[in-house]
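The values are calculated or read from the model by the stated rules, or taken from the named source; none is laboratory data. These numbers come from a predicted model, not from an experiment. No Cβ is skipped: glycine too gets one built from the backbone with ideal geometry, and neighbour counts run over all protein chains shown. Calculation scope for accessible area: heavy atoms of the full protein, side chains included, ligands and nucleic acids excluded. Shrake-Rupley method; radii C 1.70, N 1.55, O 1.52, S 1.80 Å.
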Amino acid sequence: MTRYLINRLTQGIIALFLSSVLVFILLRMTGDPTLLLLTPDATLADVAALRVQLGLDQPYPVQYFLFMRNILQGDFGNSLFYHRPVLDLIAARFPATLLLAITANALGMAIALPFGVIAATHREKWQDTMAKVTAILGQSLPNFWLGIVLIQIFSVWLGWLPSSGYGSLKFLILPAVALGFGSVAAILRLTRSSMLDVLSADYIRLARIKGLPERLVIWKHALRNALIPVVTFAGIYFVRTLAGSVVVETIFAWPGVGRLAYEAVVRRDFPVEQGILILFTALFILFNLMIDIIYLFLDPRVKLR
Amino acid sequence: MNKVFHKRRLFGKRFGKVNPGVVISLVILAGFIICGIFAPFIAPYSPTNINLGDALKPPAFQAGGDVHYPLGTDRLGRDVLSRIIFGARVSLQVAAIGVVASGIIGLTLGVISGYKGGWIDIIIQRAVDIMLGLPMILIAMVLAIIFGASILNVAFVLIIIFWATFARQSRAETLKLRNLDFVTLARTSGTSDFIIILRHIVPNVMGSMLVLATLNVGATITLEATLSFLGAGIPPPAPSWGLMTADGRDMVVTAWWLSFMPGVAISLVVLACNVFGDWLRDRLDPKLRTI
Amino acid sequence: MSELANSHLLQVIDLKTHFFVSRGTLKAVDGVSFYLNKGEVLGIVGESACGKSVTGLSLMRLIEPPGKIVGGQILFNGEDLLKLGEKDMLKIRGRQITMIQQNPDTSLNPVFRIGNQIAEAITTHRKLSKEALNEKVIELLRLVRIPSPEVRALDYPHQMSGGMRQRIAGAIALACDANLLIADEPTTNLDVTTQAQYIKLLEQIQSETGVGIIFITHDFGIVSTLTDRVAVMYAGRIVETGPTKDLMEKPAHPYTRALLDSVPKPGSSSTRLHSIQGGPPNPNKMPPGCRFAPRCEKVKPECLKEYPPEVKINNNRSASCYYVG
């Protein structure tokens, strides 16, 4: 088990390193980033000072080293718009993004898991057809459009829920649904196919041989096994919704990192966008590592390896 | 020795029993492609023709609507229907560039990776893993700041994202094929690697590439629309569906059709791609069937 | 035979289990009748896909769609199981009739500890205190000869060998002192040494607990050591039954003979296996006459017309063939 952990950790660190190189290349391939990092009213002296600070007069490996040193010290530069450290801005917005992503995914799981199980146990019946339709819709409807339609229906026409803002639970519902719909579809699909795999297993028959009622056969013996790939995937999907929240946060004026990223594009606030990209990349890799560790506890078979 | 070791039957005798969803999808996709290619001949108006006198007309079926503008007009009096038809052209271009280019790159790298193995394989695999693990929307947004929003920017982003999906799939297929008898036989009889790949590997990988390409057409259209929506994709005044949706966003109260209609277009085309892609996958390889 | 019905633990009459697939109706079990007395061991022998496993599952009423039991009676202690509601059937499964499945690698749930899996078999039918339950689990593990049971109870299935897992399956089957144990080729996926140990263990358990066993197999070697009586199955029907020793010495049905001939006899100098020509009929299109006729060496015209009636050879033996003997 410890060996597996060490292995995974090493892989995670390698992935972090390679991603940082990649992001570095992406960000530097434009040549001179100084102009992007300074406000238009910067003087030539400012430019020269920044060039030295970033080490742009140095060879690329040294530049990379300086780039990484700044990142590891938490120095992502200052926002051109807010004139505040990028890290502070992101940190202040992150809880809202996390809240939205967690709610959306919790909602997704709560709906998708039971319906995925029901679809699998009612194969080719109407429940299954419903699941198929939901899955393909969730896969196909773009979430920015879904968000707007939700606003149209529930805010404009029915007047039940606010169209934008942050505060009480009311504000959370529409963005969470818009963000969670894709995850409902994906998890529904996976739960169904995973359950179908498991239901044909001999140990499911063993549970029936024992005289267990069907309820326990399905929801205890089958689901516990079917959950292993589902939870792994849900973890990956959760990370994706963190980045996908850019769209939903923009539509619903949700004050999270996603909206910050959108505003940064509009304001051409390069340091903020760069900081978000770097932090989210690291977050992606760390989350994937965490998912692997959770997997360890879900599937006892992994421990031997 | 046969070139293609088994031709899977795509349109066999069971063709008569086609499911209606697939037929509708094909009709939608055909309509989409025709609109994309022949937009100037189909659209009643120019997509950029401003006519402030007819601004914000609701769709024809709604009170106050004008039969000349079946889906209404936007705040500059541009015909929404015409813009959607021309929008198909933008989506089609982006999808074609994105899928073809990333398909060729991905297929090449994937087949080499799977066939050669060794350090090449390890490097390509790692690159694929990292690519698929990166927050792509954010990368696109960074690039939009660096280069400014442009169709080139979008194409570039689509290629760096989607090549990895093609590479992963074609590598997996190549690994399966590599150890089959007819490939081994060709190898031991001294055929060059290049010929083996071209004659024996690529034709057999094409089926699943086709499925992936169909599904990826939907995904690229969604991504382009999303990026344009966020101001990191196609710049105005081009009639991109995503851009149109974004334009109408702050007018949901007064002019609901502005963002609703282009969204319907995106949804229908992507839905059609997914339904058709799933069907194609079931046909080509029932073992891959998911739902 | 019917006047004896009440003394039988199990009597199966004209059981039919069909599978309704797109290609047509597969008559996997098509009119099977046999009985089992208390404490008896019956072997059901046949080639793969002859319907013997489906018969076993039918007895527990665990046939899943597209399969369905379409006819017959399963009298267990005189009560027809096919007339019970699913709720009452739950009280029979695991409690009175139980089963060991074929594949030890997949028959235990990989995510639960084996101790808990055994305990579940008990608590499904009986309420026990925690201590009593633990004790019972350990006792069952001892019964199936698991060394240091207190420790192994905490193992997951993948931490055990195939033979051990199959013994755990046995412990689960025996958890509620069932009267009838259906063993569906429990040794097929074990290596030869483990197989022999397992058969020996079953024999010991049978004599200790007096459980009635239906042993499903294709292996006459196991049949001869373990069973009291045999039923030979071919293409969804039982073609011959009788006491094991008698039947193996003097097989009446040509199929039984052919099957026995294909088993290498110990001490026989010939290494050549006498195998049967051809394959069993397509269960989709059963021939109208004797189902073995197309492969039979002694086939006569009437064999192809109508299915031969069951002929009594003596008090204990019968066979379905026009040319018994």
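Give me the residue from the stretch B:133-152 that is open to solvent by 10 Å² or more (accessible area, probe 1.4 Å) and within 17 Å of B:Glu224 (Cβ to Cβ) and, out of that set, farthest from the other protein chains (Cβ to nearest Cβ).
B:Ile151
Residue check, B:Pro237 against (1) more than 9 Å from every other protein chain (Cβ to nearest Cβ); (2) open to solvent by less than 10 Å² (accessible area, probe 1.4 Å); (3) over 21 Å from B:Gln62 (Cβ atoms), all met but one. Which one?
(2)
I'd like to check something: does the stretch C:183-203 contain any residue that is open to solvent by less than 10 Å² (accessible area, probe 1.4 Å), within 14 Å of another protein chain (Cβ to nearest Cβ) and part of a loop (DSSP other than H, G, I, E, B)?
yes
Go through the stretch A:255-281 and count every residue that is hydrophobic (A, V, I, L, M, F, W, C), more than 7 Å from chain B (Cβ to nearest Cβ) and more than 17 Å from A:Ala101 (Cα to Cα).
Selection size over the stretch A:255-281: 3.
Quick one: how many residues across the stretch A:12-31 are within 11 Å of chain B (Cβ to nearest Cβ), open to solvent by 70 Å² or more (accessible area, probe 1.4 Å) and either at pLDDT 80 or above or closer than 19 Å to A:Ser79 by Cα (or both)?
2
So which of A:Met109, A:Met130 ends up being within 18 Å of the chain's Cα centre (by Cα), open to solvent by 40 Å² or more (accessible area, probe 1.4 Å) and aliphatic (A, V, I, L, M)?
So the residue among A:Met109, A:Met130 that is within 18 Å of the chain's Cα centre (by Cα), open to solvent by 40 Å² or more (accessible area, probe 1.4 Å) and aliphatic (A, V, I, L, M) is A:Met109.
Mind checking which residues of the stretch C:299-325 are closer than 14 Å to C:Tyr255 by Cα and either at pLDDT below 80 or not in a loop (DSSP other than H, G, I, E, B) (or both)?
Within the stretch C:299-325, C:Cys303, C:Ser318, C:Ala319, C:Ser320, C:Tyr323, C:Val324, C:Gly325 meet the criteria.
I need the full set of residues from the stretch C:92-114 which are more than 7 Å from chain A (Cβ to nearest Cβ) and surrounded by fewer than 24 Cβ atoms within 10 Å (Cβ to Cβ), in order please.
Within the stretch C:92-114, C:Ile92, C:Gln96, C:Gln102, C:Asp105, C:Phe112, C:Arg113 meet the criteria.
Could you list, in sequence order, all residues of the stretch C:61-83 that are open to solvent by 30 Å² or more (accessible area, probe 1.4 Å) and not in a strand (DSSP E or B)?
Scanning the stretch C:61-83 gives C:Arg61, C:Ile63, C:Glu64, C:Pro65, C:Pro66, C:Asn77, C:Gly78, C:Leu82, C:Lys83.
Just the residues that are open to solvent by 10 Å² or more (accessible area, probe 1.4 Å), part of a helix (DSSP H, G or I), within 8 Å of chain A (Cβ to nearest Cβ) and under 18 Å from A:Phe252 (Cα atoms), please, taken from the stretch B:251-278.
Residue satisfying the conditions is B:Phe260 alone.
Among the numbered criteria (1) modelled with pLDDT under 85; (2) buried (at least 23 other Cβ atoms within 10 Å of the Cβ); (3) out of contact with any Asp or Glu (no Cβ under 8 Å at 6 or more places or on another chain), which single criterion is violated by B:Pro59?
(2)
With the checklist (1) modelled with pLDDT under 85; (2) open to solvent by less than 10 Å² (accessible area, probe 1.4 Å) in hand, flag the one item B:Ile201 doesn't pass.
In the conditions (1) modelled with pLDDT under 85; (2) open to solvent by less than 10 Å² (accessible area, probe 1.4 Å), B:Ile201 misses (1) alone.
Could you look through the stretch A:233-244, keep only residues that are β-branched (Val, Ile, Thr) and facing another protein chain (nearest Cβ under 10 Å), and pick out the one that is most open to solvent (accessible area, probe 1.4 Å)?
Ranking the candidates gives A:Ile236 first.
Considering (1) free of Cβ contacts under 8 Å to residues at least 60 places away in the same chain; (2) open to solvent by less than 30 Å² (accessible area, probe 1.4 Å); (3) not polar (S, T, N, Q), say which one A:Val247 fails and leave the rest.
Every listed condition holds for A:Val247 apart from (1).
Which of the following residues is within 10 Å of another protein chain (Cβ to nearest Cβ) and out of contact with any Lys or Arg (no Cβ under 7 Å at 6 or more places or on another chain): B:Leu230, B:Leu158, B:Leu212, B:Leu198?
Testing whether each residue is within 10 Å of another protein chain (Cβ to nearest Cβ) and out of contact with any Lys or Arg (no Cβ under 7 Å at 6 or more places or on another chain) leaves just B:Leu230.
Have a look at A:Leu66, A:Leu89, A:Leu99, A:Leu56 and point out the one that is open to solvent by less than 20 Å² (accessible area, probe 1.4 Å) and of a type outside the set (Asp, Glu).
When all the criteria are applied, what remains is A:Leu89.
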